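Rule-based calculations on the coordinates, nothing more; no lab input. Keep in mind that what you see is a predicted model, and the values were worked out from it rather than measured. Note that we place each Cβ from the backbone using ideal geometry, even for glycine, and neighbour counts take in every protein chain shown.
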Amino acid sequence: MKRLVFITSNSGKFEEVRKILLPHGIEVLQNDIPCPEIQADSSEEVVSFSLEWLGDREMAYLIDDSGLFIDALGGFPSVYSAFVFKTLGNSGILRLMDGLPDERRTAHFETVFGVSGSGKRLIFRGRCDGRISHEPLGSGGFGYDPIFIPDGGDGRTFGQMSTEEKNRLSHRGAAVRDMLENLDKLLEIL
Ligand code: IMP
């Protein structure tokens, strides 16, 4: 069994990635060593900075930077997703979108993964399109999950889904699939 350390304080993200990689012979371990998160223009920049800052380590590791982009708000909260979640929260986002009909509630999530091991670095990406619900629904997941309805599902929010269901449709699930499509490159550095 190969091992990959997921450096994150977010147990929700960890559980999602752990569940998809385990059947592929990769055991994911969580480590929440604090890593400063810079305010940058893109997730790629945040991930590149974190990879530099963390440097080469004894074991291969993974970092994840994700963001929510709401079309009617000009892409907001984008790179401010963490700050906006802490300050406005889901109720604040819903207030900003009050009265907007379904067709104007489109949004997407993006995930960028950085993996470092054996002195090499790899980047993987995933995206999930969907829309913002009219009210928070479900108590599963984390963050914006209760207000995000992914395309390709049955109209439920991520907050109403099991981890497995969310993984099938989500940006993070897509980023893990991007990893698995490049499994040979990944296994070289684990
Ligand atoms: P981070 O900087 O990647 O940790 O994420 C930025 C913000 O987006 C945080 O408030 C997270 O809770 C939220 N977020 C990241 N991924 C997801 C997700 O898969 N579902 C819902 N919210 C998410």
Can you say what percent of the DSSP beta bridges in the chain, counting only those with both residues inside, are antiparallel? Round to 5. 75 percent
Between residue 71 and residue 22, what FRET efficiency comes out of the Förster formula 1/(1 + (r/R0)^6) with R0 = 35 Å and r the beta carbon distance, rounded to 0.05? 0.50
Using only C-alpha atoms and all pairs of different ones, pull out the Kirkwood radius for the range 1-154 in Å with one decimal. 16.7 Å
For helix 43-54, report the angle its Cα long axis makes with the longest principal axis of the Cα atoms of the chain; keep it between 0 and 90° and round to the nearest 10°. 40 degrees
Student exercise, the chain dipole from Lys, Arg, Asp, Glu Cβ charges, in Debye to nearest 20: 260 debye
Measuring from label point to label point, each 7 Å out along Cα→Cβ, what is the residue 41 to residue 168 span in nm? 3.9 nm
Which entries in 2/166; 19/86; 120/185; 2/185; 19/166; 13/86 show an alpha-carbon gap greater than 21 Å? 2/166; 19/86
The ³J(HN,Hα) series, computed from each phi in the range 157-172 with the Karplus coefficients 6.51, -1.76 and 1.60 at θ = phi - 60°, rounded to the nearest Hz and given as x for glycine or proline, is 7, 4, x, 9, 10, 6, 4, 5, 5, 4, 4, 5, 10, 7, 4, 6
Length released on extending from residue 139 to residue 3, taking residue separation times 0.36 nm less the Cα-Cα span: 45.9 nm
Which residues' amide hydrogens lie under 5 Å from the amide hydrogen of residue 133, considering only partners 5 or more residues apart or on another chain, with H built in the peptide plane? 148, 149
Considering the options 60, 73, 83, tell which one lies farthest towards the positive end of the dipole of the chain, charges being +1 on Lys and Arg and -1 on Asp and Glu at the Cβ, about the Cα centre. 60
Test of understanding: what is the full-extension gain from residue 86 to residue 120, defined as 0.36 nm times their sequence separation minus their Cα-Cα distance? 8.9 nm
Pick from 71, 98, 178: which is most flexible by mean-square fluctuation in a GNM of the chain where alpha carbon atoms under 10 Å apart are linked? 98
The range 88-138: Cα Rg divided by the 2.2 N^0.38 Å rule of thumb: 1.69
Using a Förster distance of 30 Å, how high is the FRET efficiency between residue 32 and residue 95, based on the Cβ-Cβ distance and rounded to 0.05? 0.40
Taking a quarter of the surface of the convex hull around the Cα atoms of the range 1-82, what do you get in nm²? 6.1 nm²
Ratio of Rg to Rh over the range 132-190 (Cα coordinates, Kirkwood Rh, two decimals): 1.13
FRET efficiency for residue 10 and residue 183, Cβ-Cβ distance as r, R0 = 35 Å, nearest 0.05? 0.90
